[in-house]
1. I'd like to know if region 31-50 contains one or more residues that are of a type outside the set (Phe, Trp, Tyr) and on the phi > 0 side of the Ramachandran plot.
2. What do you reckon, is residue 212 within 26 Å of the chain's Cα centre (by Cα) and farther than 23 Å from residue 254 by Cα?
3. State all residues of region 173-183 that are out of contact with any helix residue (DSSP H, G or I) (no Cβ under 6 Å at 6 or more places or on another chain) and either over 21 Å from residue 130 (Cβ atoms) or not in a strand (DSSP E or B) (or both); if no residue qualifies, say none.
4. If I filter region 136-149 for residues that are surrounded by fewer than 20 Cβ atoms within 10 Å (Cβ to Cβ), within 26 Å of residue 242 (Cβ to Cβ) and either at pLDDT below 90 or aliphatic (A, V, I, L, M) (or both), do I get at least one hit?
5. Determine whether region 112-133 contains at least one residue that is over 20 Å from the mean Cα position of the chain (by Cα), closer than 17 Å to residue 183 by Cβ and surrounded by 20 or more Cβ atoms within 10 Å (Cβ to Cβ).
6. Of these, 204, 239, which one is of a type outside the set (Lys, Arg), modelled with pLDDT of 95 or more and touching a Phe, Trp or Tyr at 6+ places or on another chain (Cβ under 8 Å)?
Amino acid sequence: MYCIQSINNTPTVRKITKQFSPANVWIQIHYAGLCRTDVMAAKGIIPVCKNRILGHECSGIVVYAPANSSLKKGMPVTINPLYTDGFLGLDMNGAFAEFMEVPESMVLSLPSNLNLQKAAFTEPVAAALAVMNCDITPKDTGLVLGKGRIAALTFEILKNHGFTYVQCSETITKDNFDFIIETNVQSNDIMHILSSLRKKGILILKSRTNTNIDIPTKTIVEREIRIQGAHYGSFIKAIQLLQEDSINCQQFFGPTHSLQTFTQHFEDQEEHKIFCSPLDIGAVCAES
């Protein structure tokens, strides 16, 4: 099968021979989306093992399920990339391939009327929904700090849940917020963020930077600032929102590429979600 692997810190399209385990579910990938994590893994910023198949945002069709599985051949599905030993596309082979195998516990069945490209956006929506697990309420004043797709999607999620006193901006133009959600924080941003929160305000960490951030503990203690991490919300809720189209997810979608041309667009992924469709193989790829 054809796939995209991290080879010498470069995303590379290859044709490989792969044997799948009969204990796992086998999925034909229809759409796979690109995110920062994939780009960092491809470049070696996030270490992955040699020849790792990248990708974790996807949708597809079951082509095989174990005999005792609740899943059946032909069912449309998406994936929760979290599993006990790590993360899809980093610690196990991922979705940038014609076919993929995963344990059944990672597979989520989809409504038959949900478009598979939209379904491939389940993981980003579930990630954005994580802020709803934090100690915030619709009456609070808030700021989603950042630019690009992740900040905009988080803002859409808040509006969908009744937050009317929230804004989205790449700069801080006022202060005394009840909460600030950062989406790409740097060490030199922290003091400005903290000073823009009211006393006992909440800083919600949403970005998954692979570097450490300096935290001014004295300021946090004196102003009694709370810090919460926001990892993932409900994948079932994410599927429901996509089915209802209540967050207009297609405003975030960019073009869809073949596997062959997808690697040429790894730097294009910040403003819009770009996809590959392994059903479109493209030109002949490198052999394994």
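1. Yes, some residue in region 31-50 is of a type outside the set (Phe, Trp, Tyr) and on the phi > 0 side of the Ramachandran plot.
2. Taking the combined requirement at face value, the residue satisfies it.
3. 173, 174, 175, 176
4. The answer is yes, given that some residue of region 136-149 is surrounded by fewer than 20 Cβ atoms within 10 Å (Cβ to Cβ), within 26 Å of residue 242 (Cβ to Cβ) and either at pLDDT below 90 or aliphatic (A, V, I, L, M) (or both).
5. No, there is no match, as no residue in region 112-133 is over 20 Å from the mean Cα position of the chain (by Cα), closer than 17 Å to residue 183 by Cβ and surrounded by 20 or more Cβ atoms within 10 Å (Cβ to Cβ).
6. Going through 204, 239 in turn, the sole match is 204.
To keep it simple, each residue is scored yes or no on (1) modelled with pLDDT of 95 or more; (2) hydroxyl-bearing (Ser, Thr, Tyr); (3) closer than 19 Å to residue 230 by Cβ; (4) surrounded by fewer than 16 Cβ atoms within 10 Å (Cβ to Cβ).
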residue: 98; (1), (2), (3), (4): yes, no, no, no
residue: 163; (1), (2), (3), (4): yes, no, yes, no
residue: 171; (1), (2), (3), (4): no, yes, no, yes
residue: 184; (1), (2), (3), (4): no, no, yes, no
residue: 197; (1), (2), (3), (4): yes, no, yes, no
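Condition check ((1) among the polar types (S, T, N, Q); (2) closer than 20 Å to residue 2 by Cβ; (3) modelled with pLDDT under 95; (4) touching a Leu at 6+ places or on another chain (Cβ under 9 Å)) across all residues:
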site	(1), (2), (3), (4)
35	no, no, yes, no
43	no, no, yes, no
53	no, yes, no, no
59	yes, yes, no, yes
64	no, yes, no, no
71	no, no, no, no
82	no, no, no, yes
92	no, yes, no, no
102	no, yes, no, yes
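The values are calculated or read from the model by the stated rules, or taken from the named source; none is laboratory data. As the structure is a computational prediction, the values presented were derived from the model and not from experiment. Here the Cβ is made from the backbone with ideal geometry for all residues, glycine too, and neighbour counts use every protein chain on show.
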